[in-house]
1. If you scan segment 309-320, which residues turn out to be touching a residue at least 60 places away in the same chain (Cβ under 8 Å), open to solvent by less than 30 Å² (accessible area, probe 1.4 Å), over 14 Å from His392 (Cα atoms) and not in a helix (DSSP H, G or I)?
2. Can you name the number of the only condition in (1) buried (at least 19 other Cβ atoms within 10 Å of the Cβ); (2) closer than 30 Å to Asn539 by Cβ that Pro461 fails?
3. Examine segment 277-288 for a residue that is open to solvent by 10 Å² or more (accessible area, probe 1.4 Å), in contact with a Lys or Arg (Cβ under 8 Å, 6 or more places away or on another chain), hydroxyl-bearing (Ser, Thr, Tyr) and at pLDDT 95 or above, and state whether such a residue exists.
4. Using the structure shown, decide if Thr90 is in contact with a His (Cβ under 8 Å, 6 or more places away or on another chain) and surrounded by 13 or more Cβ atoms within 10 Å (Cβ to Cβ).
5. Can you report the number of residues in segment 538-549 which are without any contact (Cβ under 8 Å) to a residue 60 or more places away in the chain and of a type outside the set (Gly, Ala, Ser)?
6. Whether any residue in segment 248-257 is in a loop (DSSP other than H, G, I, E, B), surrounded by fewer than 21 Cβ atoms within 10 Å (Cβ to Cβ) and free of Cβ contacts under 8 Å to residues at least 60 places away in the same chain is what I want to check.
7. With the requirement that a residue be open to solvent by 10 Å² or more (accessible area, probe 1.4 Å), touching a Ser or Thr at 6+ places or on another chain (Cβ under 8 Å) and either in contact (Cβ under 8 Å) with a residue 40 or more places away in the chain or of a type in the set (Lys, Arg) (or both), what does segment 495-520 give you?
8. Of the residues that make up segment 89-96, is at least one small (Gly, Ala, Ser) and modelled with pLDDT of 95 or more?
Amino acid sequence: FVTGILLHESFLSTTAPGLHVLKETVISSLRLAQDNPHSPRKIVLGGELLPVTGTKKDDPNFVAIQLTGKLPFTVDVVFESESSSNQQETLVGEAYTKSLAWQEARFDERFEATFKLRNKGFTDREIKFAQAAVSNMVGGIGYFYGSSKVQSMYTKEPVPYWPAPLYTAVPSRSFFPRGFLWDEGFHGLLISQWDLDIELDIISHWFDLINIEGWIPREQILGVEALAKVPEEFVVQRNTNANPPTFFLTLQNILNRYDKELTKERFSILQRIYPRLQAWFAWYNTTQKGNLPGSYRWRGREEHSNRELNPKTLTSGLDDYPRASHPNENERHIDLYCWIALAANTMAKLANMLNQDGYKYEKTAKYLMNNDLMDELHWSDFAEIYADYGLHTDAVKLVRPKPVPRSESQNLEMHRIVQKKPEYRFVDSTFGYVSLFPFLLQMLEPDSLKLEKILTDIRKPDLIWTKYGLRSLSKSAPLYMKRNTEHDPPYWRGQIWVNINFLATRALHHYSNVKGPYKELAKEIYKELRQNIINNIVNQYYKSGYIWEQYNDKTGEGSGCRPFTGWTALTVLLMAESY
């Protein structure tokens with residue numbers, strides 16, 4: 001049903017090998033056409049392109065239609081299921097417009113009741129942004145089915161995981177249309193506030209993917225459609241490798257916010273997943289532990305890489321954020337230490353709610369949340385920051401080999417050279433997101449002098465403060481905005497990421513509402529940081545039309561992939577001050 005002036009229409013009727021190649025099928029069919037010798041040429045679909053089997057054309061399994069119109073121009077595309085035949089009126093034209101208006105009004109009412117943005121004084125422009133962010137987050141929830149490809153220490157080659165369904169949100173429907181373990185915990189903070197039952201369903205599906213060891217693959221590439229979007233190097237999941245256990249963050253939020261609203265059905269869901277959470281926690285607490293008591297280390301770093309300026313730590317979620325330059329088993333990672341402490345604390349709370357024995361979780365949480373232990377393992381007295389520990393030197397750079405005359409097989413790709421022998425030390429020349437984790441996950445005591453130091457440091461523009469949010473890596477860090485290889489631009493080396501900025505704002509809110517000597521300082525920074533983030537994300541949305549994966553620390557402009565209505569949509573919770 002078309003209203004307006006239709007200039008041209010074309011169609012494609014063909015057979016496509018699968019859903020994962022529909023785009024390629026359309027592109028390969030495109031043709032140049034002219035209505036008459038004097039009209040401009042246009043690109044159109046190829047019409048009927050059906051293979052012939054024997055003497056008969058195959059039946060099509062894919063039909064595409066292209067319409068070209070002159071503005072103003074509208075098209076109603078109507079899909080009617082069998083159940084719609086019972087309706088007195090077809091949902092098209094005016095009937096559809098009325099029905100849509102009614103649904104929009106209900107959405108507006110529910111949105112305001114949930115987030116109360118109008119009550120907080122936000123403008124229509126800002127509320128429309130927030131509604132788009134929530135709609136796209138919830139609209140991006142999908143149902144996937146398939147098998148991951150897994151490399152285990154018990155198998156010579158990668159083998160298929162068992163076929164399984166997954167109900168999950170995704171970071172970006174167009175660019176990352178699949179489930180990511182650490183992203184999903186952040187997604188759950190927003191989804192649970194919109195619909196708690198949907199979030200509990202999502203969590204249940206993820207924990208149906210846990211194996212007997214207590215491991216969950218960190219990237220869910222299920223089915224041919226998902227596989228078509230993933231570079232080969234990222235397809236295989238290794239069962240030695242972790243990802244931040246952010247579902248404990250989601251569960252912590254649910255327990256704190258909805259403890260009075262846990263119906264019998266919701267309570268039974270938590271009871272059912274509790275044994276799997278136990279197995280998951282045990283896997284982290286055993287396979288990711290470090291060499292010293294209380295220490296933890298991300299697995300998966302390439303020890304012998306000479307292509308990377310600093311070997312990536314994909315398992316941490318922070319990818320190319322600088323760690324010890326020479327990975328080995330003696331490393332200690334402060335962010336993982338804090339994640340395990342959070343996990344133990346959440347398990348203790350959940351066990352108590354479910355009337356289970358949570359003694360070991362209480363003891364583990366108390367042990368790890370002891371600031372003296374954390375300081376012993378991760379506080380650098382020299383730099384006065386929390387830091388990783390490992391075999392490290394800052395004296396590294398990428399260089400290109402000199403060409404060898406008449407050599408046809410020489411590899412001229414840039415490689416790393418080490419100009420100074422590494423030594424065991426804190427990686428304390430680097431200040432950024434990793435340095436903040438004891439603060440981000442609220443492990444520091446409110447009267448800690450180290451809390452005062454962190455609050456002071458994050459507000460310094462020559463470190464990580466910008467008028468758009470906190471940059472991921474200090475401007476003074478040796479690898480600030482440096483490429484990791486000649487093919488890999490900086491990713492977590494200066495850009496502004498909303499998930500960590502959300503944790504920082506949430507922590508500031510916490511410390512500004514508990515008794516302590518830095519309460520007013522935290523409150524002052526909280527107000528400024530929250531406003532900076534909201535203003536920039538909203539402005540960039542209206543400037544570009546997109547919500548972005550990350551934001552430039554110098555201009556505030558969006559970068560990375562878009563649309564990215566995964567954790568960037570947490571801006572809505574910042575607006576609602578709902579932590």
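1. Gly317, Leu318, Asp320
2. (1)
3. Yes, segment 277-288 contains a residue that is open to solvent by 10 Å² or more (accessible area, probe 1.4 Å), in contact with a Lys or Arg (Cβ under 8 Å, 6 or more places away or on another chain), hydroxyl-bearing (Ser, Thr, Tyr) and at pLDDT 95 or above.
4. Details: in contact with a His (Cβ under 8 Å, 6 or more places away or on another chain): no; surrounded by 13 or more Cβ atoms within 10 Å (Cβ to Cβ): yes.
Against the criterion (in contact with a His (Cβ under 8 Å, 6 or more places away or on another chain) and surrounded by 13 or more Cβ atoms within 10 Å (Cβ to Cβ)), Thr90 does not qualify.
5. Pass one, segment 538-549, residues without any contact (Cβ under 8 Å) to a residue 60 or more places away in the chain: 539-540, 543-546, 548.
If we keep only those that are of a type outside the set (Gly, Ala, Ser) too, we end up with 539-540, 543, 546, 548.
Going through segment 538-549 one residue at a time, the tally reaches 5.
6. Taking segment 248-257 and keeping what is in a loop (DSSP other than H, G, I, E, B), we get none.
Scanning segment 248-257 turns up no residue that is in a loop (DSSP other than H, G, I, E, B), surrounded by fewer than 21 Cβ atoms within 10 Å (Cβ to Cβ) and free of Cβ contacts under 8 Å to residues at least 60 places away in the same chain.
7. From segment 495-520, those open to solvent by 10 Å² or more (accessible area, probe 1.4 Å) are 495, 506, 509-510, 513-520; that's our starting set.
Add one more test, that the residue is touching a Ser or Thr at 6+ places or on another chain (Cβ under 8 Å), and what stays is 495, 519-520.
Within segment 495-520, Gln495, Lys519 qualify.
8. Within segment 89-96, the first condition is being small (Gly, Ala, Ser), and the residues that meet it are 93, 95.
Still in the running and modelled with pLDDT of 95 or more: none.
Checked against the condition, which is being small (Gly, Ala, Ser) and modelled with pLDDT of 95 or more, segment 89-96 yields no hits at all.
The values are calculated or read from the model by the stated rules, or taken from the named source; none is laboratory data. The shown structure was predicted, so the numbers you read here are calculated from the model rather than taken from an experiment. Heads up, the Cβs are rebuilt from the backbone with ideal geometry, glycines too, and the neighbour counts pull from every protein chain shown. What goes into the accessible areas is simple: the full protein's heavy atoms, side chains included, and nothing from ligands, DNA or RNA. Shrake-Rupley method; radii C 1.70, N 1.55, O 1.52, S 1.80 Å.
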